[in-house]
2 protein chains.
Amino acid sequence: MKIAVPLESDPVEARVALTPETAKRFIGLGAEVVVQKGAGALSRIPDEAYEKAGATIAKDAKVTFTGADVVLKVRRPNADELKAIKKGTLVVATMDPFGHEDDVKAMAEAGITAVTMDFMPRITRAQVMDVLSSQANLAGYQAVIDAAGLFDRAMPMMMTAAGTVSAAKVFVMGAGVAGLQAIATAKRLGAIVSATDVRPAAKEQVESLGGRFIAVEDEEFKEAETAGGYAKEMSDDYKKKQAELVASHIAKQDIVITTALIPGRPAPKLVTKEMLASMQPGSIVIDLAVERGGNVEGAVAGEVATVGDVKVAGYLNVPGRIAATASLLYAKNLYAFVETLIDKEAKALAVDWEDELVKATVLTRDGSIVHPAFAG
Amino acid sequence: MKIAVPLESDPVEARVALTPETAKRFIGLGAEVVVQKGAGALSRIPDEAYEKAGATIAKDAKVTFTGADVVLKVRRPNADELKAIKKGTLVVATMDPFGHEDDVKAMAEAGITAVTMDFMPRITRAQVMDVLSSQANLAGYQAVIDAAGLFDRAMPMMMTAAGTVSAAKVFVMGAGVAGLQAIATAKRLGAIVSATDVRPAAKEQVESLGGRFIAVEDEEFKEAETAGGYAKEMSDDYKKKQAELVASHIAKQDIVITTALIPGRPAPKLVTKEMLASMQPGSIVIDLAVERGGNVEGAVAGEVATVGDVKVAGYLNVPGRIAATASLLYAKNLYAFVETLIDKEAKALAVDWEDELVKATVLTRDGSIVHPAFAG
């Protein structure tokens with residue numbers, strides 16, 4: 001059983017799907033592990049570290065893929081890679097298939113078994129395999145580091161001989177995994193932190209991190225708050241009042257971090273140009289949803305745009321900006337899943353196609369698209 | 001009494017010597033305040049904010065300087081500015097005169113009264129005027145923000161479903177004002193922080209911020225520690241043991257921040273290329289002394305140099321990287337000093353040339369160099 005890990009072909013991708021630690025563990029399961037030269041360089045893993053763990057270094061992608069039973073990647077394979085990977089190979093990556101249906105088709109035609117980690121069900125057993133959470137957590141951290149770097153003031157309150165500097169005001173929109181880590185990191189740096197989320201149940205989580213929850217707390221909110229995580233859609237009247245509250249709140253913020261994503265759909269627009277214009281000059285907005293169209297009007301993917309007097313950062317691949325840690329966790333997520341596909345006695349792949357994790361994540365197999373969201 | 005504040009002529013200088021708040025206070029003392037158009041723009045202060053405070057906006061440097069009794073600046077005036085400033089004008093700035101003796105001479109020849117804020121005595125009365133401390137404090141903060149931005153891993157320990165990420169190890173060399181703020185900021189971000197200083201008395205301050213003090217704690221150290229802030233020079237034998245300890249400590253660090261300056265002399269070299277080579281790939285070194293020749297071998301002023309597998313950041317004007325806060329405190333420092341030079345009844349300049357703060361800071365007057373460190 002050969003497991004192959006290429007250098008990622010996308011130039012913005014600094015992560016890698018294997019660490020020396022997971023290499024060692026795969027080898028412990030009886031696998032032969034081959035890593036392309038330089039695959040870990042941007043995640044601070046030298047080839048020698050893989051070799052020390054027992055892996056072999058291959059000089060290029062072609063040699064890496066030759067004879068592989070399993071390919072571990074960060075991003076879905078491109079056309080060149082599909083040519084080099086033999087039919088029937090299990091390719092595990094974050095395929096990001098929504099909106100890229102042609103690429104899913106190409107993977108089916110190439111005959112690979114494409115497994116996408118971003119479809120992993122959010123159940124207890126699969127928490128350790130949850131790449132969306134592990135990477136979103138780091139994106140939330142990095143968003144605050146990026147904001148602090150762009151910001152022309154200090155984050156914490158500082159009491160100095162020359163006078164007191166007031167703390168920065170940070171507002172986090174969307175209190176999922178990324179948003180909660182952004183709240184925690186901004187609090188660490190001493191900012192005054194507030195947050196909002198369409199789920200009233202998020203209030204408790206935001207407050208447990210020391211953030212203030214921004215919401216119109218009327219009767220409708222209170223009912224929804226106690227109804228659990230995925231509450232019913234709020235009324236139009238409520239949404240209007242909430243939007244007004246958020247708009248007036250943004251005008252008083254130094255830093256806004258947006259993290260709102262809807263699976264399989266474009267990101268919702270949360271911050272309008274009018275809201276940006278209401279902010280003080282020099283304020284910073286970090287749009288973590290820019291790869292999905294963005295939460296912020298005027299955000300440009302891959303750039304720090306200046307909209308009026310506000311800087312709007314639309315960094316691509318934010319977890320990749322903190323690649324060493326991101327690869328560490330991503331590789332652990334992959335190991336935890338792939339390990340379940342291996343028969344430890346036979347030391348060979350033995351995929352249970354009826355396992356719910358497998359069914360949820362396999363996109364293509366034996367030349368066909370098999371995932372219900374794309375088949376047909 | 002006209003107080004003039006130009007746009008700083010140095011392109012790397014984002015700070016400004018006046019804020020709307022200090023403008024208002026000068027005007028309250030009977031001054032007319034003129035600010036050059038755009039002077040505050042890079043510190044997030046629009047012209048309108050100065051106008052609202054009662055200041056007048058002048059279209060260029062020449063108009064700004066015309067008829068001024070006092071000029072407030074961040075950096076010492078260049079040749080063009082000296083031509084535009086009339087003889088006898090009091091020019092208050094951070095003149096940074098050591099190593100720039102020709103410029104001191106030029107200021108004398110221009111007939112201005114050059115007052116340098118960086119010579120302010122470190123006595124209680126002058127704490128509020130201490131620009132070195134106010135700016136070093138912010139440099140220490142920004143050094144950690146810059147390090148976190150360059151670093152490819154998370155600073156805090158993170159306990160996630162995929163496993164635990166260990167905290168970054170940060171070592172601060174020099175526990176003065178900048179070093180102590182760097183320690184505090186790195187602690188805030190969750191790093192494991194250690195520090196060293198040639199003054200054994202710094203141990204207590206480092207530990208009070210939660211940092212570990214790195215020193216050979218032998219009998220000689222313990223005697224020096226209790227001898228107070230400015231202890232005697234340590235023995236050569238002690239220095240050698242301490243250097244070995246520091247070298248072995250650096251090899252285990254992720255981030256090193258150096259802050260060691262000796263007034264009027266080049267910065268001491270603390271980190272050699274051998275020490276950089278001993279660090280893990282991807283480690284970060286921030287050299288806050290780069291403008292004085294640097295504490296780190298291979299540091300390049302104004303650049304992030306790659307030395308082996310380590311990034312060595314030699315950012316210029318680090319307080320200017322956080323210009324809005326830096327200007328706020330700098331302007332307060334200047335106001336606190338200049339206010340003491342004004343006769344509130346007569347609403348005019350009335351400098352007491354025998355005042356110890358004035359004697360310590362005036363470099364040139366009536367066409368001559370008058371400061372004992374440069375006269376002769």
Inset, instruction - May I ask you to list the residues in the range B:293-340 that are surrounded by fewer than 21 Cβ atoms within 10 Å (Cβ to Cβ) and β-branched (Val, Ile, Thr)? - result: B:Val300, B:Val304, B:Thr306, B:Val307, B:Thr340
Inset, instruction - Considering only the range B:208-308, give the helices (runs of 4 or more DSSP H) lying wholly within it that have at least 2 residues that are among the polar types (S, T, N, Q). - result: B:236-250
Legend entry - Subset of the range A:121-149 (residues that are more than 13 Å from the chain's Cα centre (by Cα), within 11 Å of chain B (Cβ to nearest Cβ) and not in a helix (DSSP H, G or I)): A:Arg122
Inset, instruction - State whether one or more residues within the range B:275-286 are more than 17 Å from B:Ala147 (Cα to Cα), over 22 Å from the mean Cα position of the chain (by Cα), within 13 Å of another protein chain (Cβ to nearest Cβ) and surrounded by fewer than 16 Cβ atoms within 10 Å (Cβ to Cβ). - result: no
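Here's the yes/no breakdown for (1) within 14 Å of chain B (Cβ to nearest Cβ); (2) within 30 Å of A:Thr272 (Cβ to Cβ); (3) among the β-branched types (Val, Ile, Thr):
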position	(1), (2), (3)
A:Leu316	no, yes, no
A:Pro319	yes, yes, no
A:Ala323	yes, no, no
A:Tyr330	yes, no, no
A:Asn333	yes, no, no
A:Phe337	yes, no, no
A:Thr340	no, no, yes
A:Ala348	no, no, no
Inset, instruction - Return the pairs, sorted by first residue and then second, in which the second residue is assigned to a loop (DSSP other than H, G, I, E, B) and of a type outside the set (A, V, I, L, M, F, W, C), the first residue lies in the range A:334-355 and is without any contact (Cβ under 8 Å) to a residue 40 or more places away in the chain, the beta carbons are less than 8 Å apart, and the residues are 6+ apart or on different chains. - result: A:Thr340/A:Asp355
Legend entry - Within the range A:188-200, tally of residues that are under 22 Å from the mean Cα position of the chain (by Cα), of a type in the set (A, V, I, L, M, F, W, C) and assigned to a loop (DSSP other than H, G, I, E, B): 1
Legend entry - the range A:150-187, residues that are within 10 Å of chain B (Cβ to nearest Cβ) and either part of a helix (DSSP H, G or I) or charged (D, E, K, R) (or both): A:Leu150, A:Asp152, A:Arg153, A:Val177, A:Gln181, A:Ala184, A:Thr185, A:Lys187
Inset, instruction - Could you run through the range A:347-365 and say how many residues are part of a loop (DSSP other than H, G, I, E, B), out of contact with any helix residue (DSSP H, G or I) (no Cβ under 8 Å at 6 or more places or on another chain) and over 20 Å from A:Ala4 (Cβ atoms)? - result: 1
Legend entry - Pair list, Cβ under 7 Å, 6 or more apart: the range A:145-156 residue free of Cβ contacts under 8 Å to residues at least 40 places away in the same chain, other residue among the polar types (S, T, N, Q) and part of a helix (DSSP H, G or I): A:Ala154/B:Thr325
Inset, instruction - Identify all residues within the range A:177-209 that are of a type in the set (Ser, Thr, Tyr) and touching a helix residue (DSSP H, G or I) at 6+ places or on another chain (Cβ under 8 Å); write none if there are none. - result: A:Thr185, A:Ser194, A:Thr196
Legend entry - Selection status of A:Ile27, touching a Gly at 6+ places or on another chain (Cβ under 6 Å) and either within 16 Å of A:Lys332 (Cα to Cα) or within 13 Å of chain B (Cβ to nearest Cβ) (or both): yes
Inset, instruction - Determine if the range A:38-57 includes at least one residue that is over 29 Å from B:Met279 (Cα atoms), over 23 Å from the mean Cα position of the chain (by Cα) and loosely packed, with under 15 Cβ neighbours inside 10 Å. - result: no
Inset, instruction - Output the number of the condition that A:Asp80 fails; it satisfies all remaining conditions of (1) surrounded by fewer than 16 Cβ atoms within 10 Å (Cβ to Cβ); (2) within 14 Å of another protein chain (Cβ to nearest Cβ). - result: (2)
Inset, instruction - Output yes when any residue across the range B:341-357 is surrounded by fewer than 17 Cβ atoms within 10 Å (Cβ to Cβ), among the basic types (Lys, Arg) and more than 21 Å from A:Met159 (Cβ to Cβ), and no when none is. - result: yes
Legend entry - Residue pairs meeting the criteria (Cβ under 6 Å; at least 6 apart or on separate chains; first within 14 Å of chain B (Cβ to nearest Cβ), in the range A:46-72; second modelled with pLDDT of 95 or more and assigned to a helix (DSSP H, G or I)): A:Ala49/A:Pro20; A:Tyr50/A:Pro20; A:Tyr50/A:Ala23
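Every residue, every condition in (1) without any contact (Cβ under 8 Å) to a residue 12 or more places away in the chain; (2) surrounded by fewer than 17 Cβ atoms within 10 Å (Cβ to Cβ); (3) not polar (S, T, N, Q), yes or no:
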residue	(1), (2), (3)
A:Ala191	no, no, yes
A:Ala202	no, no, yes
A:Glu244	yes, yes, yes
A:Ser248	yes, yes, no
A:Ile255	no, no, yes
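The values are calculated or read from the model by the stated rules, or taken from the named source; none is laboratory data. Source: prediction; values computed, not measured. Note that each Cβ is placed from the backbone with ideal geometry, even for glycine, and that neighbours are counted across all protein chains shown.
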